[in-house]
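Asker: Please read through the structure below; I'll follow up with questions.
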Amino acid sequence: MPLQKFQPRLKPAAVLMTSLIMSACGSTSKTGSSHANVNAPTACATLSGKTIGGATLTTDLVPASGTAPTYCRVKGILSPSLNFEIRLPDTWNGKLYYAGGGGYDGVMPELVVPPLVQGYVEVVSDSGHQGDGMSAAFALNDPFAAQLFGSLSVPTVMSTALKTVSATYGVPPSKSYFEGCSKGGQEALMAVQRNPNLFDGVIARSPGYNWVGFMGAFNRTAKALAAPGGAFTAAKTALLAKHVRDACDGLDGVVDGVVANPAMCTAKVVNISALRCAGGADTGDLCLSDAQLAVVKAWTTDAVFAGNDTFRSKAYNLTGNEDDPMGFGLWVSGDGDLKKAGQYMFQDTSVKYVLARDPNADSLKYVWDQNQNALYSMAALNDATQTDIRPFINNGGKLIVWHGGSDMALSVNSTIEYMQNVAKSVGAENAAASTRLYVAPGVNHCTGGAGPDQTDLLKALDEWVTKGNAPATLRAEKVDANGVVTRSLPLCQYPQYPKYTGPANDTAAAKLAANYTCTSP
Ligand SMILES: [Ca+2]
């Protein structure tokens with residue numbers, strides 16, 4: 001079947017809110033059980049007007065469109081304003097797939113086609129409020145909405161979804177999975193930590209799990225960019241990216257626009273000071289001013305704040321992909337117009353509506369850890385930083401964590417640090433038996449980028465949960481608008497990276513996963 005194609009739109013909110021896309025070409029499961037005769041029209045007829053779990057359901061039959069099959073769309077609202085949708089397939093495979101949201105949520109996630117094609121019941125919600133995914137305004141005067149957003153919407157909606165599945169098919173799902181990216185990745189880890197029995201398997205992609213830390217890092221970088229002479233135009237970003245590629249691209253065995261082995265791309269190798277403008281003032285597009293070098297320094301050093309030891313965000317790597325259209329300009333610099341950058345917008349709305357609780361507050365003058373009560377409150381709501389996930393593991397849960405190596409929204413190094421701390425907390429044996437960490441080189445936030453971004457993680461998770469086939473090296477593909485695979489790489493278990501081991505100076509060979517070997521750095 002054709003692979004799902006993600007169409008990137010050049011807005012951070014859109015990226016965050018439509019970031020659940022993954023390729024999938026697994027065959028449709030056929031369970032042959034008693035629910036096999038409940039097709040989508042029957043499901044709609046069964047559920048229309050019913051009140052389940054406190055929500056009165058409305059249904060409509062959505063006809064097949066493009067790659068999406070016919071399905072029954074069930075809508076409901078849990079009081080006061082938690083909107084959810086349950087999407088019931090024509091032929092149920094007996095399992096449930098819950099897709100996470102993005103940003104500050106507030107909108108219903110779009111249909112994720114591959115799980116529906118595979119016969120999953122699909123569940124989504126707006127997380128409890130309606131609004132702009134780039135705005136935290138909902139949280140100012142509605143503490144319940146803030147709690148739903150932070151941690152309660154998923155278990156609340158799941159309670160109703162499980163009852164709805166049983167009412168439709170006569171049996172609950174045999175397995176339930178959660179997958180989300182960015183805020184959805186936070187929702188994934190939140191479920192693992194606080195509702196360890198809710199899902200049999202969880203996929204956390206590019207998780208924004210350390211809300212206090214990553215928003216604080218956004219604030220620090222924004223201040224560096226706002227300093228006199230600190231602004232980064234697209235030309236400055238292109239200069240930086242090329243400098244990094246020239247130094248590091250070939251260190252993984254092939255010059256292909258992807259720095260796949262960041263461990264070798266050290267500060268010494270990059271030697272960023274070689275870009276300094278003579279005298280330190282900005283003298284044009286061929287060098288960086290001292291203020292711009294200070295931005296790079298902020299970007300590439302850990303951000304650590306007063307208070308709890310989880311109030312931190314790891315440094316970002318220089319990847320050589322800073323000039324990607326979905327890279328540094330979109331997320332960090334705004335190409336010289338800071339207030340258009342995703343990170344600026346997120347930290348600004350967080351200061352106004354969550355920390356300072358003053359819509360007129362100036363985030364660039366706000367000291368991130370000046371109000372410890374505010375930080376602890378934000379962490380209590382949103383931080384999924386617990387590392388002892390033994391309740392989830394002991395319940396048989398399997399966790400796949402994935403992060404794009406060139407993510408310029410959330411640092412891949414923070415995710416690596418979290419998983420290293422999980423291993424310390426649960427023990428290496430538990431971690432190896434029940435968790436996996438993959439870093440996809442050259443991939444942007446959730447999707448897109450120079451590197452192959454598509455891997456069927458749901459299929460890997462399902463085979464792990466249902467058959468005990470633990471995932472090892474997976475396969476990542478880059479797919480063009482026509483569904484054609486244009487490049488592939490092995491998706492290696494961290495800390496391994498795909499080292500090129502094919503013929504030299506062979507552009508075609510460099511595009512094939514078979515010519516790479518997962519290698520320790
Ligand atoms: Ca390379």
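A short reminder: the numbers here are calculations on the coordinates, not readings from a lab. All of these numbers come straight from a predicted model, not from anything done at the bench. No Cβ is skipped: glycine too gets one built from the backbone with ideal geometry, and neighbour counts run over all protein chains shown.
Asker: With r defined as the distance between the Cβ atoms of Ala504 and Asn373 and R0 fixed at 51 Å, what FRET efficiency is calculated, to the nearest 0.05? Walk me through the numbers before you get to the answer.
Answerer: Details: r = 59 Å, r/R0 = 1.17.
It comes out at approximately 0.30.
Asker: I would also like to ask the following. What ranking do Ser406, Ser81 get, fewest neighbouring Cβ atoms within 10 angstrom at the top?
Answerer: Working: Ser406 30, Ser81 15.
Lowest to highest Cβ neighbour count: Ser81, Ser406.
Asker: Rounded, prolate or oblate: pick one for region 263-371, where a ≥ b ≥ c are the square roots of the eigenvalues of its C-alpha gyration tensor, a/c under 1.5 means rounded, and failing that, prolate if a/b is larger than b/c, else oblate. Don't skip to the answer; put the middle values down first.
Answerer: Details: a/c = 1.96, a/b = 1.56, b/c = 1.26.
Prolate shape, in that a/c is at least 1.5 and a/b is the bigger ratio.
Asker: Per residue of the chain, what 222 nm ellipticity follows from adding -39500 (n - 2.57) for every DSSP H run with n ≥ 4, rounded to the nearest 500?
Answerer: Values: 16 runs with 156 residues, N = 521.
Calculated mean residue ellipticity at 222 nm is -8500 deg cm²/dmol.
Asker: Sticking with this one: So how do 310-317, 177-184, 475-482 stack up, highest first, on mean other-Cβ count within 10 Å? Numbers along the way, then the final one.
Answerer: On the way: 310-317: 22.0, 177-184: 28.9, 475-482: 16.1.
Final packing ranking: 177-184, 310-317, 475-482.
Asker: Still on this structure, please answer the following. If region 357-448 were replaced by its equivalent ellipsoid, with semi-axes equal to the square roots of 5 times the Cα gyration tensor eigenvalues, what would those be, largest first, whole Å?
Answerer: Numbers: eigenvalues 184, 80, 21 Å².
They are 30, 20, 10 Å, listed from largest to smallest.
Asker: Another question, then. Largest first, please: the extent of the C-alpha atoms of region 439-521 along each principal axis, to the nearest Å.
Answerer: On the principal axes, region 439-521 reaches 43, 33, 21 Å in Cα extent.
Asker: Just to be sure I follow: if Rg is taken over the C-alpha atoms of region 182-301 and Rh is the Kirkwood radius over the same atoms, what is Rg/Rh? Before the final figure, lay out the partial values.
Answerer: Details: Rg = 18.6 Å, Rh = 16.9 Å.
A ratio of 1.10.
Asker: Determine the alpha carbon to alpha carbon distance for each of Lys183/Lys339; Lys95/Lys163; Lys183/Lys467; Lys236/Lys339 and list only those over 23 Å.
Answerer: Values: Lys183/Lys339 21 Å; Lys95/Lys163 14 Å; Lys183/Lys467 29 Å; Lys236/Lys339 17 Å.
Lys183/Lys467, as the Cα separations exceed 23 Å there.
Asker: Ordered by packing density, taken as the mean number of other Cβ atoms within 10 Å over each peptide's residues, highest first, how do 217-225, 72-80, 45-53 rank? Show your work: numbers first, answer last.
Answerer: On the way: 217-225: 24.4, 72-80: 18.2, 45-53: 15.1.
Descending mean neighbour count gives 217-225, 72-80, 45-53.
Asker: Okay, next question. Translational diffusion coefficient, Stokes-Einstein: compute it for region 60-170 using the Kirkwood radius over C-alpha pairs as Rh, at 20 °C and 1.002 mPa s, and state it as an integer in µm² s⁻¹.
Answerer: Values: Rh = 14.4 Å.
My calculation gives 149 µm²/s for D.
Asker: Using all Cα-Cα distances in the chain, what percent lands in each 20 angstrom bin from 0 up to the longest?
Answerer: 23, 56, 20, 1
Asker: Moving to a separate point now. Identify all lysines with a Cα-Cα distance to Lys314 below 16 Å; exclude those on the same chain that are fewer than 8 residues away in sequence.
Answerer: Lys297
Asker: If packing is taken as the average number of other Cβ atoms within 10 Å across a peptide's residues, how do 57-67, 508-518 rank, most packed first? Could you put the intermediate results ahead of the total?
Answerer: Numbers: 57-67: 14.3, 508-518: 16.5.
The peptides rank, most packed first, as 508-518, 57-67.
Asker: Let me ask another. In angstroms, what radius of gyration and Dmax does region 148-237 have, counting Cα atoms only?
Answerer: For region 148-237, the Cα radius of gyration and maximum Cα-Cα distance read 19.3, 65 Å.
Asker: Length gain on complete extension for the stretch Asp362 to Thr51, per 0.36 nm per residue less the alpha carbon to alpha carbon distance?
Answerer: Here the answer is 107.4 nm.
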